[in-house]
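Below you'll find the structure, written out as structure tokens, and then a few comments.
The values are calculated or read from the model by the stated rules, or taken from the named source; none is laboratory data. What you see is a predicted model, and the numbers here were worked out from it, not measured in a lab. Neighbour counts run over all protein chains shown; Cβ positions are idealised from the backbone, glycine included.
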Amino acid sequence: MKAIKRIECPTCGETFQLDKRLSKGSQFLCPYCEELLEVIRLKPITLGCVYSTDFAKFEELEKAANVWQKRISPLNNVHGNNQ
């Protein structure tokens, strides 16, 4: 019989049961936020996010990068670095 473990998602904070045998490096999805989680340590069970599914943060970073690119482009033209 597999041990049933109660696990808290580090992303959304929801607690859920996992009925599979865990080992360091095991990966699974949070049933609430669908974040891909990985077991980092077994005792105590410590989870980490494999990657973020928070697209709002990605879009924020992308907008910031575009703003900086617009600010840098005129400087490149002044110094003769046309790209």
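Looking only at the range 1-13, count every residue that is touching a strand residue (DSSP E or B) at 6+ places or on another chain (Cβ under 7 Å) and modelled with pLDDT of 85 or more and tell me the total.
Filtering the range 1-13 down to residues touching a strand residue (DSSP E or B) at 6+ places or on another chain (Cβ under 7 Å) leaves 4-11.
Applying the additional criterion that residues be modelled with pLDDT of 85 or more yields 6-11.
Qualifying residue count for the region: 6.
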When the range 42-54 is checked residue by residue, the ones that are part of a loop (DSSP other than H, G, I, E, B) and either surrounded by 14 or more Cβ atoms within 10 Å (Cβ to Cβ) or touching a Leu at 6+ places or on another chain (Cβ under 8 Å) (or both) are LEU42, ILE45, VAL50, TYR51, THR53
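Could you identify the single residue in VAL39, VAL67 that is modelled with pLDDT of 65 or more, over 17 Å from GLU8 (Cα atoms) and not in a loop (DSSP other than H, G, I, E, B)? So that I can check it myself, show each step before the final result.
Values: VAL39 fails: over 17 Å from GLU8 (Cα atoms).
None of the other options fit; the residue is VAL67.
Please count how many residues of the range 17-29 are in a strand (DSSP E or B) and surrounded by 14 or more Cβ atoms within 10 Å (Cβ to Cβ).
Taking the range 17-29 first, the residues in a strand (DSSP E or B) are 17-18, 27-29.
Imposing the further condition that a residue be surrounded by 14 or more Cβ atoms within 10 Å (Cβ to Cβ) reduces the set to 18, 28.
Number of matching residues: 2.
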